[in-house]
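K.L.:
Questions regarding the structure given below will be posed in turn.
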């Protein structure tokens, strides 16, 4: 079998990241026909269909390891080029794609990026997904690193424990007296309106199951924004689990803890490609340092 062509690998990555052959062509400054020819040639080399021609285009199971390889080669190539050219030559910025759960993104994770030295020459492509699903983007090669609840290392990755995000059940005093006058009983939890980030978010339901001793299906408001969830709680739309970094201010003002002494801890891990990369080493060190200061 012929060796893999780096230009073809970069084209595969562009098609998947941009979602279409036309968009990849614009990114790479070539014609859509050239993109199609490169993908076809790569598929002939491998002997497998690598891209599912859909809207958006996605990598097939056979394409995922090549997508991951393309990202790794791009990172190492840009890092080596920047080092070879030196700081005065303007070697270009290295883009790093990272997927993070919404609560981390809204609280501690940006501080980790701010810890990186300005001379690192990094640009970040931050993706957001539920902590129980972020590892999927590592598997398909879409991202370089992930904050994830998965403690088992994805193939080709390293995993480090970061700590746990602690959540408290918050509501307004009026909502609490109306719906939980007798405390967090199973009957009250079954009917009190609950605020949830999206349909992947099962943190609230885990808390309910632990409190009630069985699964329940309360009415749910889906609010896909961490600040908006806090605002919805403050306005009395429902109750929700809130990260303790945000809950502190609300408990000092307009909200009450529905279950004093009871909380939910969600363990988080940092997974990244197993590469000897200065960029990944610096990013990992910054993430671990801020997590150690912030998480349980």
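K.L.:
Name the residues in region 48-59 that are surrounded by fewer than 17 Cβ atoms within 10 Å (Cβ to Cβ), farther than 11 Å from residue 20 by Cα and within 28 Å of the chain's Cα centre (by Cα), would you?
P.N.:
Just the residues of region 48-59 that are surrounded by fewer than 17 Cβ atoms within 10 Å (Cβ to Cβ), to begin with: 48-49, 52-56.
Those left that are additionally farther than 11 Å from residue 20 by Cα: 48-49.
Result: 49, single match.
K.L.:
So residue 195 fits all but one of (1) under 17 Å from residue 102 (Cα atoms); (2) touching a helix residue (DSSP H, G or I) at 6+ places or on another chain (Cβ under 9 Å); (3) loosely packed, with under 14 Cβ neighbours inside 10 Å; what number is the exception?
P.N.:
Only one criterion in (1) under 17 Å from residue 102 (Cα atoms); (2) touching a helix residue (DSSP H, G or I) at 6+ places or on another chain (Cβ under 9 Å); (3) loosely packed, with under 14 Cβ neighbours inside 10 Å is unmet by residue 195, namely (3).
K.L.:
Would a scan of region 40-47 turn up a residue that is at pLDDT below 90, exposed (fewer than 14 other Cβ atoms within 10 Å of the Cβ) and part of a helix (DSSP H, G or I)?
P.N.:
Among the residues of region 40-47, at least one is at pLDDT below 90, exposed (fewer than 14 other Cβ atoms within 10 Å of the Cβ) and part of a helix (DSSP H, G or I), which makes the answer yes.
K.L.:
From the list 54, 34, pick out the single residue that is closer than 20 Å to residue 136 by Cβ, out of contact with any strand residue (DSSP E or B) (no Cβ under 9 Å at 6 or more places or on another chain) and either modelled with pLDDT of 90 or more or not in a helix (DSSP H, G or I) (or both). Reasoning before the result, please.
P.N.:
Values: 34 fails: closer than 20 Å to residue 136 by Cβ.
Residue meeting the stated conditions: 54.
K.L.:
Shifting gears a bit: Give just the number: which of (1) under 22 Å from residue 101 (Cβ atoms); (2) in contact with a helix residue (DSSP H, G or I) (Cβ under 8 Å, 6 or more places away or on another chain) does residue 217 not satisfy?
P.N.:
Status for residue 217: all satisfied but (1).
K.L.:
Could I ask something else about it? Can you tell me which of 75, 67, 138, 105 is crowded, with 17+ Cβ neighbours inside 10 Å, in a helix (DSSP H, G or I), touching a strand residue (DSSP E or B) at 6+ places or on another chain (Cβ under 9 Å) and at pLDDT 90 or above? Please lay out each step first, then the result.
P.N.:
Working: 75 fails: at pLDDT 90 or above; 67 fails: at pLDDT 90 or above; 138 fails: at pLDDT 90 or above.
Going through 75, 67, 138, 105 in turn, the sole match is 105.
K.L.:
Going residue by residue through region 168-182, is there one that turns out to be at pLDDT below 95 and within 21 Å of residue 244 (Cα to Cα)?
P.N.:
No, the conditions are met nowhere in region 168-182.
K.L.:
Related question: Of 122, 184, which residue is in contact with a strand residue (DSSP E or B) (Cβ under 7 Å, 6 or more places away or on another chain) and either surrounded by 15 or more Cβ atoms within 10 Å (Cβ to Cβ) or closer than 30 Å to residue 70 by Cα (or both)?
P.N.:
Just a single option satisfies the conditions, and that option is 122.
K.L.:
Kindly evaluate residue 154 against the criterion of being in a loop (DSSP other than H, G, I, E, B) and either buried (at least 17 other Cβ atoms within 10 Å of the Cβ) or under 18 Å from the mean Cα position of the chain (by Cα) (or both). Steps first, please.
P.N.:
Working: in a loop (DSSP other than H, G, I, E, B): yes; either buried (at least 17 other Cβ atoms within 10 Å of the Cβ) or under 18 Å from the mean Cα position of the chain (by Cα) (or both): yes.
In short, yes.
K.L.:
Just checking, does region 10-22 include any residue being modelled with pLDDT of 90 or more, in a loop (DSSP other than H, G, I, E, B) and buried (at least 16 other Cβ atoms within 10 Å of the Cβ)?
P.N.:
yes
K.L.:
Still on this model: Identify, by number, the condition in (1) touching a helix residue (DSSP H, G or I) at 6+ places or on another chain (Cβ under 9 Å); (2) surrounded by fewer than 22 Cβ atoms within 10 Å (Cβ to Cβ); (3) within 30 Å of residue 213 (Cβ to Cβ) that residue 164 doesn't meet.
P.N.:
All conditions are met except number (1).
K.L.:
Please enumerate the residues belonging to region 187-205 that are at pLDDT below 95, closer than 23 Å to residue 248 by Cα and in contact with a strand residue (DSSP E or B) (Cβ under 7 Å, 6 or more places away or on another chain).
P.N.:
Those that are at pLDDT below 95, closer than 23 Å to residue 248 by Cα and in contact with a strand residue (DSSP E or B) (Cβ under 7 Å, 6 or more places away or on another chain): 203, 204.
K.L.:
Considering only region 160-186, how many residues are under 15 Å from the mean Cα position of the chain (by Cα) and farther than 30 Å from residue 237 by Cα? Give the derivation first.
P.N.:
Here is the first cut: in region 160-186, the residues under 15 Å from the mean Cα position of the chain (by Cα) are 162, 165.
Narrowing the set further to residues that are farther than 30 Å from residue 237 by Cα leaves 162.
Residues that pass the stated criteria total 1.
The values are calculated or read from the model by the stated rules, or taken from the named source; none is laboratory data. Keep in mind it's a predicted model, so treat the numbers as computed, not measured. Every residue, glycine as well, gets a Cβ built from its backbone with ideal geometry; the counts of neighbours run over all protein chains shown.
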